[in-house]
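Heads up: the structure comes next, in structure tokens.
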Amino acid sequence: MTPCTAHSIPIVWQDNDLLVVNKPSGLLTVPGRGPEKQDCLINRLLVDFPNSRIVHRLDQPTSGLVLIPQNHHAHKTLGRQFETRTISKQYIAVVDGCLKLDSGEIDLPLICDWPNRPRQMVDHENGKNALTRYQVLDRCEAKGNTRLALTPVTGRSHQLRVHMLALGHPILGDTLYAPEPVIARASRLQLHARHIEFTHPVSDEKIFVTCEPSF
């Protein structure tokens, strides 16, 4: 399917029931408080696709694939798939340092750090379970970076960012969690939702959509 755009939003896949779009880094998924935060993914899409609905979100600095249902049935069906974790997502990240293991799991419970919200933090007593799987794609020892494929099994807020920080390898350009030297090594958060797999809400066909990052 040939990609097109709707008010600067690249459409990677579409039919009558849903869109899969590539959200730019720096753009909110939904509007925030105040007039300066009304420019967002859903408001841009509503101009050309007035039936667009939100069923999941990406953090403002994260780029990549977002499903946009185009009717109530698609919204309800895809929402159920997210709830039952039958939708699979993979992210690409570039992190500080060289990971020793080629793959692994990060199983650390997360909770909102209320005095410093929207930051999240690891909390073994009160946190909700959070599981991330990672696979090393490339190590750049000269730069001290590692490129990873990250698969979130759960979908906690900021999960990938906090889990990589807890592992000792914060994501480059992460202004919320990384130390200043790591922030300075990238012009944006090096995190991109690259791949998504789901069951089509009408045809029951398995859909696979991929969009490579710009970094």
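The values are calculated or read from the model by the stated rules, or taken from the named source; none is laboratory data. This is a predicted model, so every value here is computed, not measured. Here the Cβ positions follow ideal geometry from the backbone for every residue, glycine too, while neighbour counts run over all protein chains shown. Please note that ligands, DNA and RNA were not included when accessible areas were found on the heavy atoms of the full protein model with its side chains. Shrake-Rupley method; radii C 1.70, N 1.55, O 1.52, S 1.80 Å.
The table for this structure:
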| quantity | calculated |
| --- | --- |
| Estimated [θ] at 222 nm from DSSP helical runs (n ≥ 4, -39500 (n - 2.57)) normalised by residues in the chain, nearest 500 | -4000 deg cm²/dmol |
| Per residue value of the accessible surface for the chain (all protein chains in place, 1.4 Å probe), Å² | 51 |
| Segment 70-113 and segment 174-206: distance between their alpha carbon centers, rounded to Å | 9 |
| Under 5 Å, built H, 5+ apart or other chain: amide partners of Gly127 | none |
| Carbon plus sulfur fraction of accessible area for segment 1-68, probe 1.4 Å, in percent | 49 |
| Karplus (6.51, -1.76, 1.60) ³J(HN,Hα), θ = phi - 60°, over segment 110-116, in Hz, Gly and Pro reported as x | 10, 8, 5, 8, 4, x, 10 |
| Dipole in debye (nearest 20) - the chain, about Cα centre, beta carbon charges: Lys, Arg +1; Asp, Glu -1 | 240 |
| Phi to ³J(HN,Hα) by Karplus 6.51 cos²θ - 1.76 cosθ + 1.60 over segment 33-41, Hz, x for Gly, Pro | 7, x, x, 6, 10, 8, 6, 7, 4 |
| Neighbourhood net charge (15 Å Cβ-Cβ; Lys/Arg +1, Asp/Glu -1) for Glu180 | -1 |
| Residue-wise HN-Hα coupling along segment 71-83, computed from phi with Karplus coefficients 6.51, -1.76, 1.60 (Hz; x: Gly, Pro) | 7, 5, 4, 5, 4, 5, 5, 5, x, 5, 5, 5, 4 |
| Nearest-20 debye value, segment 161-215 charge dipole, Cβ charges on Lys, Arg, Asp, Glu | 220 |
| Amide H partners (placed H, <5 Å) of Gln120, local residues excluded | Asp113 |
| Val30 paired with Leu46, simple spin-label distance in nm, labels 7 Å along Cα-to-beta-carbon | 1.2 |
| Amide hydrogen neighbours beyond the local backbone of Asp39, cut-off 5 Å, H modeled | none |
| Greater than 28 Å apart at Cα, pairs in Lys76/Lys128; Lys37/Lys143; Lys37/Lys206; Lys23/Lys100 | Lys37/Lys143; Lys37/Lys206; Lys23/Lys100 |
